[in-house]
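Participant: I'd like to ask you about the structure that follows.
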Amino acid sequence: MQCRNCGTAIADKALICYKCGTATTEAKYQPVARQTSSSRAGLVATVIAIALIVVLFLVMGRVTTGETSQWVRYSAVVVAVLIVALRAFARRRR
């Protein structure tokens, strides 16, 4: 068999040309085209999450201080930070 790219004689059962590396047959399965979502939607979600963090700091700062309110404040901040981190992780995987 002849390589279709460089013309080198290769074995009949060869999968690729040993000289140039060209495949002897077309790929059986083609990769699926990835759909890209709009970056604007991700930006909006991130801005909303950051706004949530700012609002929580402002509102929780006015609540009377005590162990319970600090626990609520810290848990709300942790939830907001987790939302931002998950959004960043999802964006990185795309």
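Participant: Out of the residues in the range 15-47 that are surrounded by 12 or more Cβ atoms within 10 Å (Cβ to Cβ) and in a helix (DSSP H, G or I), state the one that is modelled with the highest pLDDT.
Facilitator: It comes out as THR46.
Participant: For THR8, all conditions in the list (1) surrounded by fewer than 13 Cβ atoms within 10 Å (Cβ to Cβ); (2) at pLDDT 80 or above; (3) not basic (Lys, Arg) hold save one; what is the number of the exception?
Facilitator: (1)
The values are calculated or read from the model by the stated rules, or taken from the named source; none is laboratory data. Everything numeric in this text was worked out from a predicted model, so none of it was measured. We place every Cβ from the backbone using ideal geometry, glycine too, and count neighbours over all the protein chains shown.
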